[in-house]
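The values are calculated or read from the model by the stated rules, or taken from the named source; none is laboratory data. Every value quoted in this text rests on a predicted model; they were computed, and no experiment measured them. In this analysis, Cβ positions are derived from the backbone assuming ideal geometry, glycine residues included, and neighbour counts consider all displayed protein chains. Side chains included, ligands, DNA and RNA excluded: accessible areas come from the protein's heavy atoms. Shrake-Rupley method; radii C 1.70, N 1.55, O 1.52, S 1.80 Å.
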There are 4 protein chains.
Amino acid sequence: MCRWLAYSGSPIHLETLVSQPHHSLVHQSHSAIECKAATNGDGFGVGWYGAHEDPGVYRDILPAWSDDNLRSLCRQIASSLFFAHVRASTGTATSRANCHPFVAGRWMFMHNGQIGGWDKVRRRVEAMLPDDRYHLRKGSTDSEAIFLTVDEDRLVRDPVGAMRDALVRIRLAMIETGVVEALRFAAALTDGKMLYAFRYASDDRPPTLYWRTVDGNVTVVSEPLDSDRDGWRAVSPNSALAVCPSGEVEPLPFDVENAASLVEGRAA
Amino acid sequence: MCRWLAYSGSPIHLETLVSQPHHSLVHQSHSAIECKAATNGDGFGVGWYGAHEDPGVYRDILPAWSDDNLRSLCRQIASSLFFAHVRASTGTATSRANCHPFVAGRWMFMHNGQIGGWDKVRRRVEAMLPDDRYHLRKGSTDSEAIFLTVDEDRLVRDPVGAMRDALVRIRLAMIETGVVEALRFAAALTDGKMLYAFRYASDDRPPTLYWRTVDGNVTVVSEPLDSDRDGWRAVSPNSALAVCPSGEVEPLPFDVENAASLVEGRAA
Amino acid sequence: MCRWLAYSGSPIHLETLVSQPHHSLVHQSHSAIECKAATNGDGFGVGWYGAHEDPGVYRDILPAWSDDNLRSLCRQIASSLFFAHVRASTGTATSRANCHPFVAGRWMFMHNGQIGGWDKVRRRVEAMLPDDRYHLRKGSTDSEAIFLTVDEDRLVRDPVGAMRDALVRIRLAMIETGVVEALRFAAALTDGKMLYAFRYASDDRPPTLYWRTVDGNVTVVSEPLDSDRDGWRAVSPNSALAVCPSGEVEPLPFDVENAASLVEGRAA
Amino acid sequence: MCRWLAYSGSPIHLETLVSQPHHSLVHQSHSAIECKAATNGDGFGVGWYGAHEDPGVYRDILPAWSDDNLRSLCRQIASSLFFAHVRASTGTATSRANCHPFVAGRWMFMHNGQIGGWDKVRRRVEAMLPDDRYHLRKGSTDSEAIFLTVDEDRLVRDPVGAMRDALVRIRLAMIETGVVEALRFAAALTDGKMLYAFRYASDDRPPTLYWRTVDGNVTVVSEPLDSDRDGWRAVSPNSALAVCPSGEVEPLPFDVENAASLVEGRAA
């Protein structure tokens, strides 16, 4: 279980959210509240959009709380759309390639949760990678694999549908492999303009996810950044958010489980 | 506040104490009980004596819980005298040079605690380093500085006295500088044969320290390695232990505070 | 192109070969002579057999020339069978998971060379991994993939044949994919008792490989460790060496190219 | 001996100089031409001024040629005043704290060269640090020490004079300690507005230093960034450059050696 935040709005310095708030993401790296592991010390990453179509990324293997580079970058870099992530490994190694966010072209993705029984189902999931994304696979995490299984053409036309279908396929592979552990998924996805956030689990324990709008600026987080929790709304389980550059937020259904049942039923 | 363990006895693989027990040192790196910070994720180190007079050392900046090299080394390396340490920084950077244990010739040292007001008193403490040890200063921690201030000739003749006098000098420097924060010191020192452990604080909160003898093998730890705490005895505040290769353990006074008062009084 | 050495013989400290000789492996990390890249600074690794069936491994991402841990470990650890490797990446990232040697159970492997057109052929090669080794895939290198494609049962019965067949399959995948770059392979393999070394290329430029026996102790290297090159013999292209614990060295044919042609011909 | 570049002019992306030119600084990290060590693989750093008075810094211990973060940051970050440095250690450890550039408030500094006999003279040099800069000492390099010995008030009033006097004091300490090795110094210093570059050696082998003006934008480098060397002018030994934000470049005398002789003579 990891912690993350995504921001879309007027340009702000990353530190405004990443390190300055009372319960900032850096604070959550050693003292998370709403997850099983209080410590998220297995690496971190930030990704942001600037002058180019593709985002900048800084990922490293130290705990976020002790990385001077992170502090300096978050103080200097301002962006209107950025991700930040602190990692608690569910088994894979602490390496830069296993740190979020992941990037492919102008798309960026990060994730909290896990594919239950990853070692058993990994081969099937990696076999789902399209040929033109296979070489982008650098690490060994389930999270990177989820992102790369999504076809880019499909992503461009229907991001939420593309992500749902990717999870349906993975869910079916888990069922076929006899995995009993859950698939849990709180994730953020962007093409540098639209921001999508997802909350889903195959059981009744989806990872927490909250969002807040202040002056048209939208922040989505694993857990609220301040203690009073003022203005933070929970994202409903099995739903997604689509956040426009203008600050408009549209809730969308994200019903992986039913879709998987339908497909499975039809196959049966 | 860090966590550490020291072992002297029949040769055993390091993993026997470092990673295998229920509440092993690696376990303490993310879930310490008896210290302010449960997380000791700012680097780690092991040091051991083998075929040579000088010890081997492996120190690195990842949290101990996620370091595959540490796991492999502790499984392979056996020794009759070794140290292991997981670090929670009190302000200085996470770098190999700031990780314990520290080595000078055949001497090895590790520490939990801190010199209060380190930034204010650092210059005076570093000025105490003997000329022939000055070039050994690699990092910026108070712990390394304490070790290097001790004159090696003095160490050879009277290790406990040498360490006490070093702390007395540091304590006086703190007083002269107007530092009000405490000096706290739970440390281990060895020349590859004798093992010395120390517990002291200038206030009434010395860091915890325990020891146990099983079949003539002695282990000294920041906190007991198993939940039943069977056989673990607390080291008395303001005292030291001298552990012989034979397994004999001699408690010794280690009265820094009185000695400092005496010196200070005499100076006044 | 990387540099490596393998040793089988009476127990010696690793430093005897890794760092002490005039043109030691650590020296080769910044000043290799017989390869395109003089600098092999993209990580390193050592692996050795001790008290257990499975080897110890220490791998890290710094250049070998600047790693204090490596220096200390090589000074302390003695072994009768060990590998050491300094890496020059042919495109994949500098991470521990991409550093040699690779270990699976009691088997250990390291490699200099490359699968030409790796990005194009990677999917096919990874598809060759047996189910029970798939979860061992941690990095993204061609070298680790080669090792893991070899079936362990087959390895136990016929190590040289197993390795040859793995390369034949890879060679055929390269041909089918239309890869024109060469497959080059200078590698060492061991089960903790027997040491096997291989030299092969699909073109006429196999990586250099030498071996020497002194007092029944056998060393195999990418390039000789001393300037006078006294006693070093080149391993013939398209051949292998089998080194017994007793020090006996048996040259063996290792004819991947003909075998691949035969299979290809039969298929055509 | 390290390699570095400094830029002052219209805002450009760092990659324009750091990684894109034919003989860019990243290229120099493995293939420097005009220095004893072709490989500058002992860490690197970039520092730049943005929205704040104080600069951003990214320093790390991998060789510059293999660091993906560096590549991404240099692609995204644009600045009108920045430093970049690749390090070849002259003896001190590879750690972030030993990587250039060094920062104190809004001042930034980087260096190629060395204080000869550093281990012998280090104590005297560190004793020169003003009280209010002593706590800024994080590493163990001569370069960081040189920077921190300079009094900040003096820096503000007369940067070139302050730097010269710092070197005079260090030179005298070397002479008094009986050091026969040279003091060599090619360095850049800035307060975020003015850029100063220095070239000096106590013997006749000052490190190389070049500068070029194109369209009012000034670049100062250890060695030219392209093979034709068009427009690059050598900085004269024992001189400094003062570069205004407007692009004006004023050569200045930087005569450490004579000043040191005078002081020494007066003392004799």
Seminar exercise, completed: Among A:197, A:173, A:166, the single one that is within 21 Å of residue A:49 (Cβ to Cβ) and modelled with pLDDT of 95 or more is A:197
Problem set entry | Hey, residue B:157 more than 21 Å from residue B:85 (Cβ to Cβ), open to solvent by 10 Å² or more (accessible area, probe 1.4 Å) and of a type in the set (Lys, Arg) or not | yes
Exercise. Quick one: is residue C:216 free of Cβ contacts under 8 Å to residues at least 24 places away in the same chain and more than 23 Å from residue C:155 (Cβ to Cβ)?
Worked result: no
Problem set entry | Check on residue A:150, within 14 Å of chain D (Cβ to nearest Cβ) and among the β-branched types (Val, Ile, Thr) | no
Seminar exercise, completed: Scanning the stretch C:38-70 for residues that are touching a Cys at 6+ places or on another chain (Cβ under 9 Å) and more than 9 Å from chain B (Cβ to nearest Cβ), the one farthest from residue B:45 (Cα to Cα) turns out to be C:40
For this session: Taking the residues in the stretch A:1-18 that are within 14 Å of chain D (Cβ to nearest Cβ) and open to solvent by 10 Å² or more (accessible area, probe 1.4 Å) as candidates, determine which candidate is farthest from residue B:94 (Cα to Cα).
Result: A:11
Exercise. Within the set of pairs 6+ apart or on separate chains, which have a first residue in the stretch A:176-199 that is polar (S, T, N, Q), a second that is open to solvent by 20 Å² or more (accessible area, probe 1.4 Å), and C-beta atoms under 7 Å apart?
Worked result: A:177/A:120; A:177/A:124; A:190/A:196
Exercise. For the stretch D:101-111, how many residues meet the condition of being in contact with a Ser or Thr (Cβ under 6 Å, 6 or more places away or on another chain) and of a type outside the set (A, V, I, L, M)?
Worked result: 1
Problem set entry | Output for the stretch C:223-247, where each listed residue is closer than 20 Å to residue C:48 by Cα and under 20 Å from the mean Cα position of the chain (by Cα) | C:225, C:241, C:242, C:243, C:244, C:245, C:247
For this session: Go through the stretch B:78-93 and count every residue that is over 18 Å from residue B:28 (Cα atoms) and in contact with a helix residue (DSSP H, G or I) (Cβ under 8 Å, 6 or more places away or on another chain).
Result: 3
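Residue-by-condition table, conditions (1) within 25 Å of residue A:113 (Cβ to Cβ); (2) assigned to a loop (DSSP other than H, G, I, E, B); (3) in contact (Cβ under 8 Å) with a residue 24 or more places away in the chain:
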{"site": "A:220", "(1), (2), (3)": "yes, no, yes"}
{"site": "A:223", "(1), (2), (3)": "yes, yes, yes"}
{"site": "A:237", "(1), (2), (3)": "yes, yes, yes"}
{"site": "A:241", "(1), (2), (3)": "yes, no, yes"}
{"site": "A:251", "(1), (2), (3)": "yes, no, no"}
{"site": "A:257", "(1), (2), (3)": "yes, no, yes"}
Problem set entry | Check on residue C:35, within 23 Å of residue D:63 (Cα to Cα) and away from chain B (no Cβ under 14 Å) | yes
Exercise. Based on what the data block shows, is residue B:225 out of contact with any helix residue (DSSP H, G or I) (no Cβ under 6 Å at 6 or more places or on another chain) and surrounded by 24 or more Cβ atoms within 10 Å (Cβ to Cβ)?
Worked result: no
Seminar exercise, completed: Going through the stretch D:245-268 in order, the residues found to be open to solvent by 40 Å² or more (accessible area, probe 1.4 Å) and modelled with pLDDT of 95 or more are D:245, D:246, D:248, D:250, D:251, D:252, D:253
For this session: May I ask you to verify whether residue A:30 is of a type outside the set (Phe, Trp, Tyr), more than 14 Å from residue A:1 (Cα to Cα) and either surrounded by fewer than 24 Cβ atoms within 10 Å (Cβ to Cβ) or over 15 Å from the mean Cα position of the chain (by Cα) (or both)?
Result: no
Seminar exercise, completed: Screening C:216, C:139 for residues that are under 29 Å from residue C:8 (Cβ atoms) and away from chain A (no Cβ under 14 Å) leaves only C:216
Seminar exercise, completed: Picked from the stretch A:209-222 (must be open to solvent by 10 Å² or more (accessible area, probe 1.4 Å) and among the hydroxyl-bearing types (Ser, Thr, Tyr)), the residue nearest to residue A:54 (Cα to Cα) is A:219
Exercise. What are the residues in the stretch B:71-86 that are open to solvent by 10 Å² or more (accessible area, probe 1.4 Å) and either within 19 Å of the chain's Cα centre (by Cα) or more than 10 Å from chain C (Cβ to nearest Cβ) (or both), if any?
Worked result: B:80
For this session: Determine, yes or no, whether residue C:220 is in contact with a helix residue (DSSP H, G or I) (Cβ under 8 Å, 6 or more places away or on another chain) and β-branched (Val, Ile, Thr).
Result: no
Exercise. Among the candidates D:41, D:50, which residue alone is modelled with pLDDT of 95 or more and within 26 Å of residue A:66 (Cα to Cα)?
Worked result: D:50
For this session: Sort out which residues of the stretch B:130-154 are of a type in the set (A, V, I, L, M, F, W, C) and buried (at least 20 other Cβ atoms within 10 Å of the Cβ), and write them in order of number.
Result: B:145, B:146, B:147, B:148, B:150
Exercise. Do we have residue D:40 as polar (S, T, N, Q), open to solvent by less than 30 Å² (accessible area, probe 1.4 Å), closer than 24 Å to residue A:96 by Cα and in a helix (DSSP H, G or I) here?
Worked result: no
Problem set entry | Filtered residues of the stretch D:169-208 (kept if open to solvent by 10 Å² or more (accessible area, probe 1.4 Å), outside any strand (DSSP E or B) and of a type outside the set (D, E, K, R)) | D:172, D:175, D:177, D:178, D:179, D:180, D:182, D:192, D:194, D:202, D:206, D:208
Seminar exercise, completed: By residue number, the members of the stretch A:43-57 that are free of Cβ contacts under 8 Å to residues at least 24 places away in the same chain and crowded, with 20+ Cβ neighbours inside 10 Å are A:56
Exercise. Which one is nearest to the other protein chains (Cβ to nearest Cβ) among residues in the stretch D:87-108 that are crowded, with 22+ Cβ neighbours inside 10 Å and in contact with a strand residue (DSSP E or B) (Cβ under 8 Å, 6 or more places away or on another chain)?
Worked result: D:96
Exercise. Across the stretch A:110-129, which residue is nearest to residue A:148 (Cα to Cα) among those that are open to solvent by less than 30 Å² (accessible area, probe 1.4 Å) and within 10 Å of chain C (Cβ to nearest Cβ)?
Worked result: A:129
